[in-house]
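To start, the structure under review is shown below, and the notes come after it.
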Amino acid sequence: MPSSRGIHIRRDCFDKAMLEQAMALGVEVLCDRVIGLEITRNRATQVRLLSGTKITARHFLDGSGRRRAIGRHLSRNQSYSPPMLVRTGVIEEAAHHFTSFSTSFSPRPRGWLWCTPSIYGYFTWTKLFLPGDRNEHELRNLTICSSFGSVKTADARWRISQPLDVDGVLLIGEASGYLDPAWGQGVLHALQSGILAAKTVIASICNPKDQEYLRGAYDKWRLKSFLTAAAALRSAYVESDIQLKIPEV
């Protein structure tokens with residue numbers, strides 16, 4: 001769980017920097033969307049894009065986040081928590097008397113509040129809550145005080161994508177699975193899974209007969225990583241007396 005120190009990263013700037021770095025390394029970038037997947041003899045062989053473009057490849061990595069552009073055609077998400085929501089917003093400190101504001105993570109009986117300084121006298125807040133608490137006093141006040149257009153609400157239920165039954169596709173990052181933001185290691189997990197998936201693809205190309213074993217080993221790793229993280233976060237919630245009724249993993 002988050003500590004009293006943290007770094008706030010602007011996601012749009014981070015994504016832009018990552019994309020520019022990939023392009024600088026020679027990666028071809030298509031601004032498009034996957035709408036279909038071709039499977040031949042139990043192997044993914046082609047993706048169809050909204051523009052009509054068809055891409056054929058021996059291996060596909062799905063790093064599209066929770067949209068699971070390819071993974072949603074192949075496996076279902078399994079939930080590991082009750083329905084939960086997370087809302088975030090940006091507040092100007094001076095306008096609302098937050099003059100001595102610092103990074104904090106505060107447990108609540110049915111969720112938590114995470115705040116961190118941003119830039120130019122603003123701070124970002126994130127609150128986890130249950131669907132029945134949409135009109136809770138603290139949540140309502142934070143929403144009202146936030147800058148226009150900064151408030152966003154998203155599903156925070158813990159989910160993991162089940163192992164795929166076809167060859168040629170590996171799920172990475174949040175396309176593989178995700179916890180709520182208190183996990184605090186989403187970017188690290190995305191990097192780790194991306195590196196391991198790339199190594200798996202290279203090994204599969206070099207050793208075609210071992211492809212099924214290598215895919216299974218990767219899926220085993222990502223499932224174990226998710227379950228380990230889920231168990232640790234659940235334990236932290238129990239210790240903090242956060243009552244979310246998350247079953248043991």
Yes/no for LEU196 being out of contact with any Asp or Glu (no Cβ under 7 Å at 6 or more places or on another chain) and modelled with pLDDT of 95 or more: yes
Subset tally (residues that are surrounded by 14 or more Cβ atoms within 10 Å (Cβ to Cβ) and outside any helix (DSSP H, G or I)) for region 201-242: 2
Criterion (of a type in the set (A, V, I, L, M), in contact with a strand residue (DSSP E or B) (Cβ under 8 Å, 6 or more places away or on another chain) and modelled with pLDDT of 95 or more) met by exactly one of ALA203, ALA156: ALA156
Residue among VAL90, VAL34, VAL47, VAL86 that is touching a Lys or Arg at 6+ places or on another chain (Cβ under 9 Å), aliphatic (A, V, I, L, M) and in contact (Cβ under 8 Å) with a residue 40 or more places away in the chain: VAL86
Residue check, SER81 surrounded by fewer than 18 Cβ atoms within 10 Å (Cβ to Cβ) and either touching a residue at least 40 places away in the same chain (Cβ under 8 Å) or among the hydroxyl-bearing types (Ser, Thr, Tyr) (or both): no
Condition met for LEU164 (closer than 26 Å to GLY89 by Cα and either in the same structural domain as ARG58 (by TED's automatic domain parsing) or in contact with a helix residue (DSSP H, G or I) (Cβ under 8 Å, 6 or more places away or on another chain) (or both)): no
Filter result for the condition that a residue is outside any loop (DSSP other than H, G, I, E, B), out of contact with any helix residue (DSSP H, G or I) (no Cβ under 9 Å at 6 or more places or on another chain) and touching a residue at least 60 places away in the same chain (Cβ under 8 Å), over ALA198, ALA190: ALA198
Single unsatisfied condition, ARG68 versus (1) surrounded by fewer than 13 Cβ atoms within 10 Å (Cβ to Cβ); (2) on the phi > 0 side of the Ramachandran plot; (3) touching an Asp or Glu at 6+ places or on another chain (Cβ under 9 Å): (1)
In region 6-43, the residues that are under 26 Å from GLU212 (Cα atoms) and in a loop (DSSP other than H, G, I, E, B): ARG41, ASN42
Positions within region 167-187 being of a type in the set (A, V, I, L, M, F, W, C) and part of a helix (DSSP H, G or I), in sequence order: ALA175, ALA182, TRP183, VAL187
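The values are calculated or read from the model by the stated rules, or taken from the named source; none is laboratory data. Note that this is a predicted model, so its numbers are computed, not measured. Neighbour counts run over all protein chains shown; Cβ positions are idealised from the backbone, glycine included.
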